[in-house]
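Working notes, beginning with the structure itself.
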Amino acid sequence: MIFYLVTPAGHGTVEYVSSWGPAPNSRMRYLLYDDLRRIRSLATGTYVFTDLERLSPPQLQLARQLWQTLSEAGSATRRVNDPSRVLCRFDLLQRLFAEGSNRFRAVRANESFHVLGSLRYPVFVREEKEHTGNLTSLLYGPEDLTRQLRRLRLKGYYAKDLLVVEFCDTSDASGIFRKYSAFRIAGKVIPRHVLFSRNWHLKTPDLTHPQLEAEREEYLDGNPHEARIARLFELAGIDYGRIDYSVLNGELQVWEINSNPKVRKLTPRLTACFEEIDVATSTETAIPWTMSSELDRALERDARRRSWTAWHRATFRRARRSSYLGRVLDLVATGERT
């Protein structure tokens, strides 16, 4: 049995959960981090820690404590993605820029004006912990950035949760961007896709051509970046996940390694890897599980904070539906006078 640990926001990402279970003989099921506060024992099996980039500090402490408890059970469990080792998005981008492999910087939006002003523009803003993509268009100076950050704060975003990322132009001579993705699981690198577009923010492919299709097939069959991708996963401390990247002058430019990637299509290679990490569950063996009252209180406070943030953003969205209030909010965000 494989227990796939997720947050509520990351629930429903993996087709294997619904295709293998939950049935009497299921092979995989979701386990919410939030549910760990209510259970008192754990089953044997494989535990895949995902959504690590989404976890708050108390949730991350919870994940680390769970990992330690499972480790003490020895061979009764298999554990994937040690939360004490994983470099999440910001830390990974910082590390790759510092070592010179990534050509672009990422800084937190609550940095000083001096730091934000030292960036190589254009830049864009995105969430550090979520997979919402870019929250702004390309911004060409500190003044544009200041206005957009003010607008995002009014929408309920906190500057400490936002990243300002330098734009890295990886398009070829004809203006085509490529986004490569590959999985790592059971120690193997599995190419997933390469998408083509003339849009720099490449979420959905919008270019098709026989030559591009042949390039895609060559990538999937040849796995040309396998060794370099394996090193990047090792650097990030991630055993299971998906890397998203492009290539600039022959060098991989890494956007992120997602510890909870969407898996909508079952493939023989992925299936074989999931089967390889599967560990049988024993109905006769239970692993005791407890957490400190201090951690439980911290998790309760954290849950209230997350509820407040969600309420704030929902309130802003409702206000935006009013043409008058929407105009007022835009004026406040841009610093204009009414």
In the same structural domain as A73 (by TED's automatic domain parsing) and at pLDDT below 90: which single residue out of A319, A310, A286, A314 fits that description? A286
Name the one entry in Y158, Y140 that is modelled with pLDDT of 95 or more, outside the structural domain of R54 (by TED's automatic domain parsing) and farther than 30 Å from C273 by Cβ. Y140
List the pairs whose first member sits in the stretch 264-285 and is assigned to a loop (DSSP other than H, G, I, E, B), whose second member is surrounded by 13 or more Cβ atoms within 10 Å (Cβ to Cβ) and acidic (D, E), and whose Cβ atoms are under 9 Å apart, counting only residues at least 6 apart or on separate chains? R264/E15; K265/E15; L266/E15
Test: K129 is touching a residue at least 60 places away in the same chain (Cβ under 8 Å) and assigned by TED's automatic domain parsing to the domain that holds Q253: no
Just to confirm my filter: which strands (runs of 3 or more DSSP E) fall fully inside the stretch 1-103 and include at least 3 residues that are at pLDDT below 90 and surrounded by fewer than 20 Cβ atoms within 10 Å (Cβ to Cβ)? none
Please pick out the residue among E234, E218 that is over 21 Å from the mean Cα position of the chain (by Cα), part of a helix (DSSP H, G or I), in the same structural domain as P191 (by TED's automatic domain parsing) and surrounded by fewer than 15 Cβ atoms within 10 Å (Cβ to Cβ). E218
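A quick yes/no check of all residues on (1) surrounded by fewer than 16 Cβ atoms within 10 Å (Cβ to Cβ); (2) outside the structural domain of T315 (by TED's automatic domain parsing); (3) part of a loop (DSSP other than H, G, I, E, B); (4) among the acidic types (D, E):
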{"site": "D144", "(1), (2), (3), (4)": "no, no, no, yes"}
{"site": "S181", "(1), (2), (3), (4)": "no, yes, no, no"}
{"site": "T204", "(1), (2), (3), (4)": "yes, yes, yes, no"}
{"site": "P224", "(1), (2), (3), (4)": "yes, yes, yes, no"}
Single match in Y30, Y47 (criterion: in the same structural domain as V6 (by TED's automatic domain parsing) and in contact with a His (Cβ under 9 Å, 6 or more places away or on another chain)): Y30
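The values are calculated or read from the model by the stated rules, or taken from the named source; none is laboratory data. None of these values were measured; they are calculated from a predicted model. Cβ coordinates were reconstructed from backbone atoms using ideal geometry, including for glycine residues, and neighbour counts include every protein chain displayed.
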